[in-house]
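This report concerns only the one structure given below.
Only the coordinates and a few stated rules stand behind these numbers; no lab work does. Given the structure is predicted, the values throughout are model-derived calculations rather than measurements. A quick note on method: Cβ atoms are made from the backbone with ideal geometry, for glycine too, and the neighbour counts reach across all protein chains shown.
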Amino acid sequence: MIRRALHDTLLRRVRERRRFLQVLAGPRQVGKTTLIHQVIEDLELPSHYASADEPTLRDRTWIEQQWDLGRLKARGSKRGALLVLDEVQKVTDWANAVKLLWDADSRAKVMLAVVLLGSAPLLFQSGLSESLAGRFEIVAAPHWSFAEIREAFGWNLEQYVYYGAYPGAAPLIEEPQRWRRYIVDSLIETTISRDILLLTRVDKPALLRRLFHLTCEYSGQILPYQKMLGQLQDAGNTVTLSHYLALLQGAGMVAGLPKYSLGQVRRRGSSPKLQVLNTALVTAQAGTSFEEARQNGDFWGRLVESAVGALLLNSTTGTNTEISYWRERNQEVDFVLRKGKAAVAVEVKSGRRKDVLSGTEAFSRQFHIRRKLLVGGQGIPLEEFLLQPAGYWLQS
């Protein structure tokens, strides 16, 4: 059992018969479906699983049909039953349909536990936080960690930095071309076309695609929105770019880290630091082999920094810990972890040539920070750092 903590959390909540919908949310190919089937097997309750992950959208009748099957199993069991609806956000008007069925079961005291699987931001956008307010709990399922990948596939640090953390692609690394095609076709293209463009309003789909590729190319670098528009050769505006970055982050692909500031207005207006959530998104498109990447110090340094940033973002998914960066003139702090009033500065020694100096001391003079961390070089070994979640470094 690799994702033990997620498994145990979900299993416990279903067994406790909490009167809440359980939402297992995360990007494609992180093992949500496998995890829920393991929960079903360990739960020892009658269950019904159904997926709406089809090229064409389904309607609410499909939900009603699946729900009735779950009710039949619950009525035939003294201990109730479990209903699992996968990729539910792809069903038209799914939130209102689930609300009516859930409320009807609550009034009738039907012992039917319900788990919804999908992408959290897309679920929220399509009605989770409005129609189902007060009726759900989220279990976040981010990209796999280095510890999970190492345990499952025996990878070393360098393999993890280069090949990233998609478990479905792991068996293909001995065939680089198949591995790249899997990442590009089954993950990148499917996520953009079926998880974003099919379900959300995007007025400039070509711009969103180019923004994704630009973020992968410049992962680990701070890029002002105006410079992005120049790179993308588009006459759009910065608000559109910011919105598209948020959509891509919601789908678990890339993100734009804000500059650290105690004022939210300044944070929103800052130039973002581009960051992939899985380094496979960089290497699968770069056309650089594993051996070539290891010999290219600048490229490998970017991968190392991207792996650190991905760990920090993924391990804080669903928590109140914020990840940002800080830069003033020619001084920079690669990452800043913040939880409440506690802040930790993280500097990464990756071997990549930089045009800025370490800003840790300047940052600590301007802000109160709990800890100054150096990763790599004479600091914390990279492997040791990647084996711990971000919250570990915020502890007193």
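In nm, give the distance between the simple-model label positions of Phe153 and Ser106, each being 7 Å from the Cα along the Cα-to-Cβ direction.
Placing both labels 7 Å beyond Cα along the Cβ direction yields 4.2 nm.
Lys99: which lysines have alpha carbons under 30 Å from its alpha carbon, excluding same-chain residues fewer than 8 sequence positions away?
Hits, sequence-local ones excluded: Lys32, Lys73, Lys78, Lys90, Lys109.
Of Gly250, Val184, Leu132, which is farthest on the positive side of the dipole of the chain, counting Cα position, with +1 on Lys and Arg Cβ, -1 on Asp and Glu Cβ, and the Cα centre as origin?
The one lying farthest along the dipole's positive direction is Leu132.
Please give the calculated 222 nm ellipticity per residue for the chain, where each DSSP H segment of at least 4 residues contributes -39500 (n - 2.57) and the sum is spread over every residue; nearest 500 deg cm²/dmol?
Helix contribution divided over all residues of the chain: -12000 deg cm²/dmol.
Give a quick list of trypsin sites (Lys or Arg not before Pro) in region 64-118 that DSSP marks as loop, anything other than H, G, I, E or B, with at most 12 other Cβ atoms within 10 Å.
Lys78, Arg79, Lys109
When only alpha-carbon atoms count, how far does region 4-140 stretch along each of its three principal axes, as whole angstroms with the largest first?
36, 34, 27
Could you give the longest part of the chain that holds none of the GluC sites (Glu not before Pro) found in DSSP loops with at most 13 neighbouring Cβ atoms within 10 Å?
No qualifying site falls inside 175-396, the longest such stretch.
Amide H to amide H, which residues 5 or more places from Val348 or on other chains are under 5 Å from it, using H placed in the peptide plane?
Asp334, Val375
Taking amide H positions as placed 1.01 Å from N in the peptide plane, with prolines and chain starts having none, which residues 5 or more places from Gln331, or on another chain, fall under 5 Å of its amide H?
When sequence neighbours closer than 5 places are left aside, the close amide H contacts are Leu357.
What does DSSP give for the chain in terms of the percent of beta bridges that are antiparallel, rounded to the nearest 5?
In the chain, DSSP labels about 35 percent of beta bridges as antiparallel.
Which whole-Hz couplings ³J(HN,Hα) result when phi for each residue of region 211-227 is put into the Karplus expression 6.51 cos²θ - 1.76 cosθ + 1.60, θ = phi - 60°, listed in order with x for Gly and Pro?
Whole-Hz 3J(HN,Hα) from phi for region 211-227: 5, 4, 5, 5, 5, 5, 5, 10, 4, x, 10, 8, 9, x, 4, 5, 5.
Suppose we look only past 39 Å in the calculated P(r) of the chain. What percent of the Cα-Cα pairs does that tail hold?
It works out to 20 percent of all Cα pairs.
Can you give me the relative contact order of the chain as a percent, contacts being Cα pairs under 8 Å and 6 or more apart?
14
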